[in-house]
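The values are calculated or read from the model by the stated rules, or taken from the named source; none is laboratory data. Just so you know, these numbers come straight off a predicted model, no measurement behind them. Backbone-built Cβ (ideal geometry, glycine too); neighbour counts: all protein chains shown. Heavy atoms of the whole protein, side chains included, go into the accessibility calculation; ligands, DNA and RNA do not. Shrake-Rupley method; radii C 1.70, N 1.55, O 1.52, S 1.80 Å.
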Amino acid sequence: MILNELKACLPSGIVVLMKPKGESSRTTLNRLQRALRSRHKLLLERLRNDTDLLDELNRRKPPRVGHAGTLDPLAEGVLVACVGEATKLIEVIQMLPKRYAGTFRLGETSDTEDTEGTVVALPNPPRPTRDALREAASRMTGRIRQRPPAYSALKIAGKRAYQLARQGEHVTLATREIEIYRIELTEYDYPEFRLDIECGSGTYVRSIGRDLGEAVGSGAVMTALTRERIGPFTLTDALPPDMFDDPESQDWLEHLMPPESATAHLPRIHLDEQTATRLLLGQIVRTGEIPESQVASVDIPMTEKRLCAAFSPGNRLVSLLEFPGGDQVRVVKNFPLNVS
């Protein structure tokens, strides 16, 4: 009984936040963090007469909060926040496809590749046609190699690249393989153009603008960016910042999505109660102990290493599993508080 009451006090799930332009991702996330801390404090005050639950809640901190991918201060849009048990899904969410709408200006370059840095106008830049821009963009789809911007959070010898760049050091990062599913030129009125982009993890949209500008013999800087989607999480789901302004309001909890909502793209396994319990207790489970009747939407051999989502008979997320070969199931993450 205590555990069920405790779960009600310690929410777990996913909150889609609307990060406003001009604000850091951390600042936006802190709004949610403060709301959770305020809620925790109010619960402690309301549970003064419930000694057992109060003692247990006192031993626990407010649920952890993390985000599944930052946005630059210039950008706005979808910021996926994970609360409690759902923080174990951050890496899973980060790998989901993303959709952006970006605006760029030709004929200029910038050390940050956007208008937040030092912008330099090029002398007599060309004025490419719409067809030239479209054709150049088409060559940038698929699996390509991209050079990340010097002003990025990637590390060089233990230091963030942007820290070194701000210190005046010359920063050149090695190219990395990324995947761009689609680039569409949606608007063009020289020098401004707008792109609709669908891409994979690790893609820098401002670097897409940089490379596209160079491909047509010019330069380009990003002037605006909106992240419209991460996997199933969209702008429609995003909560405005002012929803967290009132420390006593808990309206945002109505929009808390279950951890399961981040696993729809993963192969799915339905476990019986005995197998689910054994996994949560850390006991060894072998592939032969998961009957084929419990496996749904798994289109791979169960000896191939691939992440799968395992669910309880109550359709709650139990574990993330891999089948690394041999007959043993590997538990990547367990979600006991989500299930119990």
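Among the residues of the stretch 216-228, not a single one is free of Cβ contacts under 8 Å to residues at least 40 places away in the same chain and surrounded by fewer than 22 Cβ atoms within 10 Å (Cβ to Cβ).
Pairs are defined by a Cβ separation below 9 Å, a sequence spacing of at least 6 or placement on different chains, a first member in the stretch 256-272 that is open to solvent by 20 Å² or more (accessible area, probe 1.4 Å), and a second member that is modelled with pLDDT of 90 or more and among the basic types (Lys, Arg); the pairs so defined are Pro258/Arg316; Glu260/Arg316. A single member of Glu23, Glu45 is more than 16 Å from the chain's Cα centre (by Cα) and at pLDDT below 70, and it is Glu45.
Open to solvent by 70 Å² or more (accessible area, probe 1.4 Å), in contact with a strand residue (DSSP E or B) (Cβ under 8 Å, 6 or more places away or on another chain) and modelled with pLDDT of 90 or more, is that true of Lys305? Here the answer is no, as Lys305 does not meet what is asked. Being modelled with pLDDT of 95 or more, crowded, with 18+ Cβ neighbours inside 10 Å and of a type outside the set (Gly, Ala, Ser) holds for only one residue in Ile93, Ile144, and it is Ile93.
Checked against (1) open to solvent by 20 Å² or more (accessible area, probe 1.4 Å); (2) modelled with pLDDT of 90 or more, Glu56 meets all criteria but (2). Considering only the stretch 96-120, state which residues are hydrophobic (A, V, I, L, M, F, W, C) and open to solvent by less than 20 Å² (accessible area, probe 1.4 Å). Result: Leu96, Ala101, Phe104, Leu106.
For the stretch 147-159, filtered to residues that are out of contact with any Leu (no Cβ under 7 Å at 6 or more places or on another chain) and surrounded by fewer than 17 Cβ atoms within 10 Å (Cβ to Cβ), the residue that is nearest to Glu113 (Cα to Cα) is Ala153.
Taking Ala174 as the residue in question, decide whether it is surrounded by fewer than 14 Cβ atoms within 10 Å (Cβ to Cβ) and within 18 Å of Thr223 (Cα to Cα). So Ala174 does not fit the description; no. Of the listed requirements (1) outside any loop (DSSP other than H, G, I, E, B); (2) over 24 Å from Leu96 (Cα atoms); (3) modelled with pLDDT under 90, Asn338 misses just one: (2).
Here is a check on your reading of the model: is Arg210 open to solvent by 40 Å² or more (accessible area, probe 1.4 Å), among the basic types (Lys, Arg), on the phi < 0 side of the Ramachandran plot and not in a loop (DSSP other than H, G, I, E, B)? So Arg210 does not fit the description; no. Under the condition of being among the basic types (Lys, Arg) and without any contact (Cβ under 8 Å) to a residue 24 or more places away in the chain, the residues counted in the stretch 185-211 number 0.
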